[in-house]
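Student: Questions regarding the structure given below will be posed in turn.
We did not get these values from a lab; they are worked out from the coordinates using the rules stated. Computed from a predicted model, the values in this text were never measured in an experiment. Using ideal geometry, Cβ is built from the backbone for each residue, glycine included, and neighbour counts are taken over all protein chains shown.
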């Protein structure tokens with residue numbers, strides 16, 4: 001019977017936890033700011049990983065620089081993860097900006113505006129349809 005969770009998926013989840021912990025507790029670079037790890041894609045041979053990160057409260061023009069800083073510190077992350085995880089070979093790490101959170105917030109804001117506008121139109125239509133009590 002096939003396993004429900006493959007080894008690469010389990011290692012990816014553990015890698016995500018370990019990198020998030022290193023970012024939170026041990027990586028001190030003011031150019032990065034507050035960063036969260038939103039996901040990890042790991043190759044089936046466990047050699048290559050893409051770590052998706054999201055930056056909170058950061059201008060869009062500084063995000064590219066922050067990703068470059070993280071990719072420049074890949075050796076640090078690999079060594080820290082290698083000490084915590086028992087793997088024969090620590091995967092090669094590539095940091096990638098994940099903009100799904102930002103896009104999701106923008107979509108949510110658009111939906112909220114649209115619903116609010118629909119309610120306002122509906123109220124205006126109801127007011128126009130009701131006859132004035134004073135005129136009767």
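Student: In degrees from 0 to 90, rounded to the nearest 10, what is the angle of the helix 7-25 Cα long axis to the longest principal axis of the chain?
Tutor: Compared with the principal axis, the helix lies near 80 degrees.
Student: To check you understand DSSP bridge types, tell me what percent of the beta bridges within the range 1-97 (both residues inside) are antiparallel, rounded to 5.
Tutor: 55
Student: Based on alpha-carbon centroids, what's the gap between the range 40-92 and the range 95-109 in Å, whole number please?
Tutor: That distance is 19 Å.
Student: For the chain, what does the relative contact order come out to in percent, with C-alpha contacts under 8 Å and a separation of six or more?
Tutor: 22 percent.
Student: Along the Cα→Cβ direction, 7 angstrom out, place labels at residue 68 and residue 130. What is the inter-label distance in nm?
Tutor: 6.1
Student: To the nearest 0.05, what FRET efficiency results for residue 17 and residue 56 with a Förster distance of 22 Å applied to their C-beta separation?
Tutor: My answer for the efficiency is 0.70.
Student: Right, here's the next one. Suppose only helical runs count, i.e. DSSP H with n ≥ 4. What mean residue ellipticity at 222 nm does that imply for the chain under -39500 (n - 2.57) per run, divided by all residues and rounded to the nearest 500 deg cm²/dmol?
Tutor: -18000 deg cm²/dmol
Student: Suppose each label sits 7 Å from its Cα in the direction of the beta carbon; what would the residue 31-residue 112 distance come out to in nanometres?
Tutor: Once both label points are built, they end up 3.4 nm from each other.
Student: For the chain, count the residues as N, evaluate 2.2 N^0.38 Å, and divide the Cα radius of gyration by that value, please.
Tutor: Rounded to two decimals, the normalised Rg is 1.69.
Student: Using only the alpha-carbon atoms, how far is helix 74-84 inclined from the longest principal axis of the chain? Give it as 0 to 90 degrees, nearest 10.
Tutor: Its long axis makes an angle of about 80 degrees.
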